[in-house]
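Please read the structure below before turning to the comments.
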Amino acid sequence: HQLRDEQARSIRTHLRTSFILAGGDAVRGRSLFYGKRTLCSACHRAGPDDKAEIGPDLRRIGAVRSPRDLLEAILLPSASFARGFEPKSVVLNSGRVISGVIRHETDDMITLYTTERRELRIARSDIDEIVASKVSIMPHGLERLLTTDDMRDLLAFLGTLKHSK
């Protein structure tokens, strides 16, 4: 119920802002992407020297996604997941549940990036089950932290990302 209410609020914001997607300042958008307010760069790569790999690599996102698609991904991060970044809930033998994205696996261990942007190595012997989650580890509600101008600037920056190197 809470997710549905949040989606409705995000969709209303989307409808209010969708007619003004163009015209942002990519330089300000870059500052937002790498800034502490949004923390985008903590999980996503946008430049050749970025190391983050919790979320999808965005270095070509401007070549493959429209501003409207990018806005939807920001406003509704749980609506769809990029291949290889599907969220999982790992249920431990102790009953504890840890949510995140599995980034590496071996026969004996998994490496999970958590919603707190931490990397955890978990022995398979400690795992009861791994189940698909419907909730993205990307924070919801980013639109509440950004003004409409901020959102346009962020979209303008993402639109400049067209090369993989």
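The values are calculated or read from the model by the stated rules, or taken from the named source; none is laboratory data. Given the structure is predicted, the values throughout are model-derived calculations rather than measurements. Every residue, glycine among them, receives a Cβ derived from its backbone with ideal geometry; neighbour counts consider all protein chains shown. When the accessible area is computed, the model is the full protein with side chains, heavy atoms only, and any ligands, DNA or RNA have been set aside. Shrake-Rupley method; radii C 1.70, N 1.55, O 1.52, S 1.80 Å.
A few comments on the model shown:
- Looking only at residues in the range 49-72 that are open to solvent by less than 50 Å² (accessible area, probe 1.4 Å) and among the small types (Gly, Ala, Ser), the one that is farthest from ALA22 (Cα to Cα) is ALA52.
- Just one of the listed residues (THR160, THR114) is closer than 21 Å to ARG28 by Cβ and among the hydroxyl-bearing types (Ser, Thr, Tyr), namely THR160.
- Taken over the range 2-38, the criterion of being open to solvent by less than 70 Å² (accessible area, probe 1.4 Å), at pLDDT 75 or above and hydrophobic (A, V, I, L, M, F, W, C) is satisfied by ALA26, LEU32, PHE33.
- Members of the range 126-139 found to be open to solvent by 50 Å² or more (accessible area, probe 1.4 Å) and either within 18 Å of CYS43 (Cβ to Cβ) or without any contact (Cβ under 8 Å) to a residue 12 or more places away in the chain (or both), listed by number: VAL135, MET138, PRO139
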